[in-house]
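Since the structure comes first, as structure tokens, the remarks are kept for the end.
The values are calculated or read from the model by the stated rules, or taken from the named source; none is laboratory data. What you see is a predicted model, and the numbers here were worked out from it, not measured in a lab. Methodologically, a virtual Cβ is constructed for each residue, glycine included, from the backbone with ideal geometry; neighbour enumeration extends over all protein chains shown. Just the protein is used for accessible areas: all its heavy atoms, side chains included, with ligands, DNA and RNA removed. Shrake-Rupley method; radii C 1.70, N 1.55, O 1.52, S 1.80 Å.
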Amino acid sequence: MIGPRSMPPARYLASPPEFEVWMNEALALASLAQQRGEVPVGAVVVREGIIVGRGGNAPIAANDPTAHAEIEALRDAAQTLGNYRLSDCDLYVTLEPCIMCAGAIMHARIRRLVFGARDPKTGACGSVIDVFAERSLNHHTTVTGDVRSEVCPILRPSRARFRASRPRATTSSSTRPCRHDGSGSPLPTRSAWRQ
């Protein structure tokens, strides 16, 4: 079912001043993530004008596919406030959240989401899918997009540079996945599958 919020979030021509302030904080965290060799995304959780959670992308360093900036900021805020419900908080993030992060945002009951650049590959706030427009869900976060979008994409590395710096997985026979038939023998390599 398509709801009234299924259109991509409207761009604010004149963002409220606090949007700019908090997005600048998120941009600083994105820059730090980029310096660590991560995809440059930063996020802050704000409650009553105070940052209660910060996060920068860290899936590569943490070997954790869930270590997105939004998730890290939500975890930090929940620890700071001693509650997994963040219903009186706003989340500012430099890149449109993916579906995993959108789900976490809804579960945390974030009041308002403000993002910078759109993500045409995995954006879950209108670019690819809009999970926040689904009427049957029990919590609805207000979404504002394109805040400081002219700056946010500048941090994004070229795809070739990112792939070149990404660590490669090793495939020795001791680390390859094993069959589940009890034999313990490793699964065939990809080249063996093509034969």
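Two-decimal Rg/Rh of the range 23-98 from alpha-carbon positions, Kirkwood Rh? Computed over Cα atoms, the ratio is 0.96. Computed from the C-beta positions of residue 139 and residue 32 and an R0 of 30 Å, the FRET efficiency is 0.50 to the nearest 0.05. For the range 56-152, the share of accessible area belonging to carbon and sulfur comes to 52 percent (1.4 Å probe, ligands and nucleic acids excluded). Label-to-label distance, residue 85 versus residue 66, with points set 7 angstrom from Cα along the beta-carbon direction: 2.1 nm.
In the range 1-151, taking the dipole from charged Cβ atoms about the Cα centre, the farthest positive-side position among 139, 55, 79 is held by 139.
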